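See structure below.
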Amino acid sequence: MEKDMQVVITGASGFIAKNIRKYLSANDVKLISISRHDFKKVKNETKFITKNYDEKVIFSKLKNSDALIHLVGIGKQTIDNDYNQIHIELTKKIINLCKKSKIKKIIYLSGLGVSQNASLGYFISKYKAEKLIIDSKLNYTIFRPSYIVGKDDYFTKYLKKQIKAGQIQIPGSGNYSIQPIYIDDVTKIIFNALTQNNFSKMILDLVGSESITFQKYVKEFSRGTSTQIKKINLETVYHEAISKPDCEFGVDDLNLLIGDFNGDYKKLKDISKIKFSSILKLLKTGSLL
Ligand SMILES: NC(=O)c1ccc[n+]([C@@H]2O[C@H](COP(=O)([O-])OP(=O)(O)OC[C@H]3O[C@@H](n4cnc5c(N)ncnc54)[C@H](OP(=O)(O)O)[C@@H]3O)[C@@H](O)[C@H]2O)c1
């Protein structure tokens, strides 16, 4: 069945998209991948470059596709690129594109911590995007990911850079926890969500089996290196994030990190039926370094 499947991917040059495109291509899924920038194609892939996902230009290219994986998202706002525009307005466009090109299923990556009680702008915009998708009458699977880690994700690259500089900084106590999931598990789960009906109309936390304090994560991550681990006063870290808008770790990155969000791993495990990788084992073997 997968042999004849055709899938559209938005935000095609992003971290998750790159890994999914590779996995789907290796599984003989035909891809139509959309990005603002040129990128290297994989097997079975048609690429499409657009700056603004203009319907008139894209629509004709998407015909005969079975599903769309919507991977456009931002974690930091600017005047020209805010959450409302990118998470809500662009998702409206994508839903319309699905309807016009008769794509029946959409897979969306929201965020762990999103709920109807959300109070952070990032979460509110993701919640509204989820709601647009649910109300669209398209078939959907919405994933709410914790940190998706591999060798070249943003979070891992950020820690590696600090190791290179000789010191990893922990904002505040480091006692808050994260529930990371391995990118290779994510690609398998998304493939299953494309091909199996039990993912229909589901909202699932995309989390690994282990909830790990940030302090422990950093210790294991830097094991075997001579990196100094230093706790930094939260006020100092927030001040830096607020006053230097182009600093690597923004205010929302901090909010998400110290938010201590944990998800429903059991539900994901029961539905996906994949064998999950242990992040602690990957850290111990240095596979993420
Ligand atoms: N990675 C994680 O741990 C994680 C955790 C929670 C949620 N998520 C969500 O998962 C999705 C994919 O994440 P990712 O880690 O792969 O992020 P990423 O590497 O930053 O990719 C996101 C992509 O969004 C597109 N994009 C950004 N700004 C845009 C704009 N103004 N107009 C049009 N497209 C724009 C870009 O695609 P092009 O450059 O190809 O145009 C970018 O590569 C996002 O929605 C993110 O919020 C990820």
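The values are calculated or read from the model by the stated rules, or taken from the named source; none is laboratory data. Keep in mind that this is a model prediction, so the values were computed, not measured. Cβ coordinates were reconstructed from backbone atoms using ideal geometry, including for glycine residues, and neighbour counts include every protein chain displayed. Heavy atoms of the whole protein, side chains included, go into the accessibility calculation; ligands, DNA and RNA do not. Shrake-Rupley method; radii C 1.70, N 1.55, O 1.52, S 1.80 Å.
A few points about this structure:
- As a summary of the residue check, N255 satisfies the conditions (1) loosely packed, with under 13 Cβ neighbours inside 10 Å; (2) within 16 Å of G75 (Cβ to Cβ) except for the one numbered (1).
- Of the helices (runs of 4 or more DSSP H) that lie entirely inside region 98-211, those containing 2 or more residues that are outside the structural domain of A241 (by TED's automatic domain parsing) span 121-135, 183-195.
- Picking from residues in region 90-125 that are more than 16 Å from the ligand (Cβ to nearest atom) and open to solvent by less than 70 Å² (accessible area, probe 1.4 Å), the one that is farthest from S146 (Cα to Cα) is S101.
- When G250, G224 are screened for being of a type outside the set (F, W, Y), at pLDDT below 95 and open to solvent by less than 60 Å² (accessible area, probe 1.4 Å), only G250 passes.
- If only residues of region 19-31 that are crowded, with 21+ Cβ neighbours inside 10 Å and within 14 Å of the ligand (Cβ to nearest atom) are counted, the one that is nearest to the chain's Cα centre (by Cα) is I20.
- Any hit, region 162-175, residues being more than 10 Å from the ligand (Cβ to nearest atom) and within 28 Å of K269 (Cβ to Cβ): yes
- Residue that is farthest from P245 (Cα to Cα) [pool: residues in region 54-79 that are in a loop (DSSP other than H, G, I, E, B), near the ligand (Cβ under 10 Å from one of its atoms) and touching a strand residue (DSSP E or B) at 6+ places or on another chain (Cβ under 7 Å)]: L71
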